[in-house]
Amino acid sequence: MDGAVDDGWVLQRMSGRWMVLAIVAAILVVGLGLTAALFQKSLADADRDEKDLAVRASRVLQASSGALVAALGGAQAVVGRDGIVDLNDFRTFAANAVDTTEIAALAFVPVVTGDQRAEFEAEAGLIIMQLGPDGLIRSGVRSEYLPVQVVYPVTDVTRGVIGFDTASDPTRLATMNAARDLARLAYSGPVPAQPTGETSVFFAAPLFQPGAEVGDVLQRREAIIGYLSGLIRSSTLLASIVDQLPDGTRLSITDADELIASTPAI
């Protein structure tokens, strides 16, 4: 992975000395750079007894990010020559992504301008919603929306995100802008999942108008037609690391002083 990094997440070993490993930053773009940086940081901060754990954790993160990159590498194929996403093709693509990675669901998020809103809501049979003080409320007037149009699989939980305007959340919007401008998969820092509130990592992969020039940022901003997006639950990330470590290893993931996920305390 490579990308801009803030305070990040910290993986702590809760017994003995700390094993420190920056996991996710405000915006992370997948590639080999961050994996190498994480590996070097983990070795620098861990003592000799904990190096093996740091190496194992780094490999788990590398494998997880690599699987997601591979699964979403062909995302552009869901966009037809006319620039329209065939929803059946999306569901087939999403089923494979969900089956081969640690994501629980995948969503298609089109770019909808303010002028297109009424027509989009009528055709899609949904209302564009935004984050409010106590949940989702009807979205206010804006020049552009990024609503979840369809999600796979459809469950009682995922059904609750349909219509959610991801652009109404600054962290999700920043992640999608990074994915668009860099033309690659991007991760966010910790965000509450909708509608459950579970702390998770948001990701987005850009979709461009077929045949459009995307060689620079301005061209990409003109050519963007939507995104594939989803979440990796912090509990899932923690479990994937713990499964590869010795029995009895106790870990927690924190963002600054905020506890994100942790194995049970003794």
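The values are calculated or read from the model by the stated rules, or taken from the named source; none is laboratory data. Keep in mind that this is a model prediction, so the values were computed, not measured. All Cβ positions, even for glycine, are placed from backbone atoms using ideal geometry, and neighbour counts span all protein chains on display.
For the range 215-237, how many residues are outside any helix (DSSP H, G or I) and crowded, with 18+ Cβ neighbours inside 10 Å?
Residues in the range 215-237 being outside any helix (DSSP H, G or I) and crowded, with 18+ Cβ neighbours inside 10 Å: 9 in total.
In the range 88-105 there is no residue matching the filter, namely being touching a residue at least 12 places away in the same chain (Cβ under 8 Å) and in a strand (DSSP E or B). Per this entry, I127 is not counted among residues that are crowded, with 19+ Cβ neighbours inside 10 Å and part of a loop (DSSP other than H, G, I, E, B).
Based on this model, can you work out whether R220 counts as modelled with pLDDT under 75, over 20 Å from L68 (Cα atoms) and among the basic types (K, R)? It is false that R220 is modelled with pLDDT under 75, over 20 Å from L68 (Cα atoms) and among the basic types (K, R). For the range 130-148, the set of residues classified as surrounded by fewer than 20 Cβ atoms within 10 Å (Cβ to Cβ) and assigned to a loop (DSSP other than H, G, I, E, B) consists of P133, D134, G140, V141, R142, S143, listed by residue number. Being aliphatic (A, V, I, L, M) and assigned to a strand (DSSP E or B): is that true of V151 here? Here the answer is yes, as V151 does meet what is asked. Being out of contact with any Pro (no Cβ under 9 Å at 6 or more places or on another chain), in a strand (DSSP E or B) and farther than 24 Å from F93 by Cβ is a condition met by no residue of the range 195-212. Can you tell me which residue in the range 101-136 is nearest to Q76 (Cα to Cα), limited to those that are among the polar types (S, T, N, Q) and in contact with a Leu (Cβ under 9 Å, 6 or more places away or on another chain)? Within the range 101-136, the match that is nearest to Q76 (Cα to Cα) is T101. One residue stands out in the range 192-213 among those that are touching a Phe, Trp or Tyr at 6+ places or on another chain (Cβ under 9 Å) and either surrounded by fewer than 18 Cβ atoms within 10 Å (Cβ to Cβ) or small (G, A, S) (or both): the one that is nearest to A71 (Cα to Cα), namely A205.
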